[in-house]
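All of the numbers you see were taken from the coordinates with simple rules; none came from a lab. Predicted, not measured: the structure shown is a model, and the values here were computed from it. Using ideal geometry, Cβ is built from the backbone for each residue, glycine included, and neighbour counts are taken over all protein chains shown.
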Amino acid sequence: EGKAKIIYEGPEKGTAIQHFKDDATAFNNQKRSTVEGKGVLNNRISEHILSNLNQIGIKTHLIKRLNMREQLVRLVEILPVEFIVRNIATGSMTKRLGIPDGTILSKPLIEYSYKNDDLGDPLIAREHILEFKWVKDEKALNFINDSCLRINDFMQGMFRGVGIKLVDFKLEFGIANIEGKENILLADEISPDTCRLWDVASEKKLDKDRFRKDLGNIIQGYQEVARRLGIIHEEANISEVKFGKPKAVNIKNK
Ligand code: 5GP
């Protein structure tokens, strides 16, 4: 169980079920809350984006969405690196470097952080990734870098078409053994929890910064993203749907 999702044993070897919770956390777990309906929206939005990426040749862990909160995915070993792609400077980058918030970058910039909550996901260099073998070798790292840029190109266009600026986002990749061959797959999720999304006209934030910065109307921001992507209809009120708690499966002995 992680901060926003639970991974359950899948129906077949090499698969898992990814369950989206309503829990929201920020600042390395110091700020916590529940946002009713968030899991349902992230499940749908992430399914939409990963399916579209799959159609342009990006291999992902997604097999199919099962229900309102769950996806069937390939079981992967997650690489301990967060790949952050930025088009506009904001967030931790502007804090760290004193660059004015909202500065448009001349080309997409990729940053890496080491996935370690105890250390607060510290920023790392390519050299750390290779030295500590967090990614197997340079070829694999170059492949992931190229994938990040391709994903950014596609997502920027997709969001721009519905009046949203893709400011930045975080990707995670994992290794899956498919028919005896190691594959690097895009994993985790892509949603307003992992992206910064600003309305083109008003620059209104439609993402997790509404939670991080106490801007209110969090779920309305996520719903707006889903509506514009054509995932939910105008009249849908997902926040009113109630769900019971899932039952965990012990996979240790299997
Ligand atoms: P920043 O480094 O400015 O805090 O975040 C850059 C981008 O990556 C933002 O879109 C943010 O949502 C995403 N991001 C970075 N780290 C994490 C993380 O640990 N969890 C989630 N959900 N998103 C992250």
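Note down the magnitude of the dipole of region 112-234 about its Cα centre, charges +1 on Lys and Arg C-beta and -1 on Asp and Glu C-beta and zero elsewhere, to the nearest 20 debye.
With Lys and Arg at +1 and Asp and Glu at -1, about 400 debye.
As an exercise, use a Förster radius of 22 Å and the Cβ-Cβ distance of residue 97 and residue 27 to find the FRET efficiency, rounded to the nearest 0.05.
Between residue 97 and residue 27 the formula returns 0.70.
Taking neighbour Cβ counts within 10 Å as the exposure measure, how do 195, 148 sort from fewest upward?
If I rank by nearby Cβ atoms, fewest first, I get 148, 195.
Specify whether the C-alpha gyration tensor of region 1-100 places it in the rounded, prolate or oblate class, a ≥ b ≥ c being the square roots of the eigenvalues: rounded for a/c under 1.5, otherwise prolate if a/b is larger than b/c and oblate if not.
Working: a/c = 1.96, a/b = 1.45, b/c = 1.35.
Prolate is the answer for region 1-100, as a/c is 1.5 or above and a/b outweighs b/c.
What distance in nm separates the two pseudo spin-label positions at residue 137 and residue 200, each 7 Å out from Cα along the beta-carbon direction?
4.4
For region 79-135, run through the chymotrypsin sites (Phe, Trp or Tyr not before Pro) and keep only the ones in DSSP coil with at most 13 other Cβ atoms within 10 Å of their Cβ.
Qualifying residues, ordered by number: 132.
Just order 94-100, 20-26, 214-220 by mean Cβ neighbour count inside 10 Å, highest at the front, would you?
Per-residue mean Cβ counts within 10 Å order the peptides as 20-26, 214-220, 94-100.
Under a plain spin-label model, where a point goes 7 Å from the Cα along Cα-to-Cβ, how far apart in nm are residue 160 and residue 220?
2.9
Return a single number: how many Lys pairs in region 1-63, at a sequence separation of 8 or more or on separate chains, have alpha-carbon atoms below 25 angstrom apart.
Count of close lysine pairs: 15.
Fully extended, how many nm does the chain gain between residue 52 and residue 106 (0.36 nm per residue separation, minus their Cα-Cα distance)? Walk me through the numbers on the way to the answer.
Values: separation 54, 0.36 × 54 = 19.44 nm, distance 2.61 nm.
Using 0.36 nm per residue and subtracting the Cα-Cα distance, I get 16.8 nm.
Using only the Cα atoms of region 136-203, what do you get for the radius of gyration and for Dmax, in Å?
Rg and Dmax of region 136-203, Cα atoms, are 14.6, 50 Å.
Which value in deg cm²/dmol, rounded to the nearest 500, describes the helix-derived mean residue ellipticity at 222 nm for the chain, given -39,500 (n - 2.57) per DSSP H run of n ≥ 4 and division by the residue count?
Value at 222 nm, helices only: -8000 deg cm²/dmol.
Report Rg(Cα)/(2.2 N^0.38 Å) for region 80-149, keeping two decimals.
Scaled against compact globular proteins, the figure is 1.17.
Sorting 138, 9, 127, 82 on the 10 Å Cβ count, fewest up front, what's the list?
127, 138, 9, 82
On a full-extension model of 0.36 nm per residue, what is the gain between residue 213 and residue 9, subtracting their alpha-carbon distance, rounded to one decimal in nm?
Details: separation 204, 0.36 × 204 = 73.44 nm, distance 3.52 nm.
Extra length available between residue 213 and residue 9 comes to 69.9 nm.
What is the log10 of I(q)/I(0) for the chain, computed with the Debye formula using one identical point scatterer on each Cα and no solvent, at q = 0.13 Å⁻¹?
Log-scaled intensity ratios, in q order: -0.85.
By count of other Cβ within 10 Å, fewest leading, how are 199, 101, 188 ordered?
Final ranking by Cβ density, sparse to dense: 101, 199, 188.
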